[in-house]
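See structure below.
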């Protein structure tokens with residue numbers, strides 16, 4: 001009996017959540033539909049950068065990483081060039 | 001390659017670089033007994049026992065194997081190395097590892113001091129791990145890295161040109177951005193010239209050519225440094241262009 005009541009409450013709760021979510025979507029959708037086209041476009045620009053800029057950012061980031069690696073290897077080579085190799089037999 | 005691995009590699013390299021900046025270091029000097037200030041005559045180096053010599057030589061081999069293992073790790077992880085260069089370096093490292101391991105076995109089985117000493121000297125003269133192989137590997141990775149960055153810049157340049165052309169900024173600002181892009185293009189071209197032939201000049205150097213081939217290593221290092229300076233300038237140009245365009 002208790003189990004059945006719990007199940008029924010659970011189903012009701014799920015229905016309520018679904019209904020609230022549906023209302024929210026409808027409200028947001030209608031607000032968007034009445035907004036001026038310019039506002040919608042501006043909103044899109046502010047949230048998603050242009051693909052070209054994004055590609056440039058990726059390339060710049062890649063260059064920065066590669067330069068960092070070059071620096072590390074360059075310094076490591078310098079360390080070797082400043083080393084003399086002692087004879088372990090002496 | 002995760003961030004922790006990169007950080008560990010950079011830390012190792014920084015430490016190695018720090019050692020280098022401290023001036024020439026005799027890598028095996030630590031294994032040589034320090035002179036005693038006592039009145040008792042100091043034991044001459046040649047009076048070392050066979051057993052002690054074997055321990056010292058084994059230690060020298062193990063340290064070099066450690067360096068080669070670290071180098072091998074860099075070579076395997078590097079995203080900049082060309083396939084041919086990676087294969088060549090891996091082959092050289094593997095040959096050195098095999099050779100040093102076999103040499104150590106030979107030394108450990110030597111039954112007299114003189115042949116053990118002669119074999120022990122080969123650890124240095126037949127491999128030149130610290131002064132040639134290790135810096136050579138780092139130089140090849142760095143040189144190939146410069147080529148990789150050049151290629152990325154060459155992809156980026158037309159993208160930046162399009163951004164400049166399409167930008168709504170004033171003509172004056174656009175002209176300034178264009179001047180930066182021209183400078184960037186010139187610096188990338190200079191880096192390309194500096195790095196041309198660098199890898200080929202060092203990748204096949206062998207211990208047999210030592211110390212003459214030290215000149216090649218230093219020349220390669222200088223060219224990489226020049227290219228790196230140009231790339232730093234090119235990178236600064238990119239930043240300025242994006243700033244001017246408000247990107």
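The values are calculated or read from the model by the stated rules, or taken from the named source; none is laboratory data. All of these numbers come straight from a predicted model, not from anything done at the bench. Note: ideal-geometry Cβ built from the backbone for every residue, glycine included; neighbour counts use all protein chains shown.
Taken residue by residue, region B:122-129 has at least one member that is in a helix (DSSP H, G or I), more than 8 Å from chain A (Cβ to nearest Cβ) and surrounded by 14 or more Cβ atoms within 10 Å (Cβ to Cβ).
Listed residues B:222, B:189; which is in a helix (DSSP H, G or I), more than 11 Å from every other protein chain (Cβ to nearest Cβ) and more than 19 Å from residue A:61 (Cα to Cα)? Residue meeting the stated conditions: B:189. Residues considered: B:114, B:52, B:70, B:95. Of these, the only one that is closer than 30 Å to residue A:65 by Cα and at pLDDT 95 or above is B:70.
For (1) more than 7 Å from chain A (Cβ to nearest Cβ); (2) in contact (Cβ under 8 Å) with a residue 24 or more places away in the chain, each residue gets a yes or a no:
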| residue | (1), (2) |
| --- | --- |
| B:105 | yes, no |
| B:109 | yes, no |
| B:139 | no, yes |
| B:157 | yes, yes |
| B:173 | yes, yes |
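Is there any pair with a first residue in region B:54-78 that is within 8 Å of another protein chain (Cβ to nearest Cβ) and a second that is at pLDDT 95 or above whose Cβ atoms are under 6 Å apart and which are 6 or more apart or on different chains, and what are they? As it stands, the answer is B:57/B:107; B:57/B:120; B:60/B:123; B:78/B:141, since those pairs meet every condition given.
Can you tell me which residue in region B:202-215 is nearest to residue B:162 (Cα to Cα), limited to those that are more than 11 Å from chain A (Cβ to nearest Cβ) and surrounded by 17 or more Cβ atoms within 10 Å (Cβ to Cβ)? Residue satisfying both the conditions and the ranking: B:203.
A count restricted to region B:216-247 and to residues that are out of contact with any helix residue (DSSP H, G or I) (no Cβ under 8 Å at 6 or more places or on another chain) and surrounded by 17 or more Cβ atoms within 10 Å (Cβ to Cβ) stands at 0. Conditions: (1) more than 30 Å from residue A:55 (Cβ to Cβ); (2) touching a helix residue (DSSP H, G or I) at 6+ places or on another chain (Cβ under 8 Å). Residue B:51 meets all but one. Number of the miss? Failed condition: (2).
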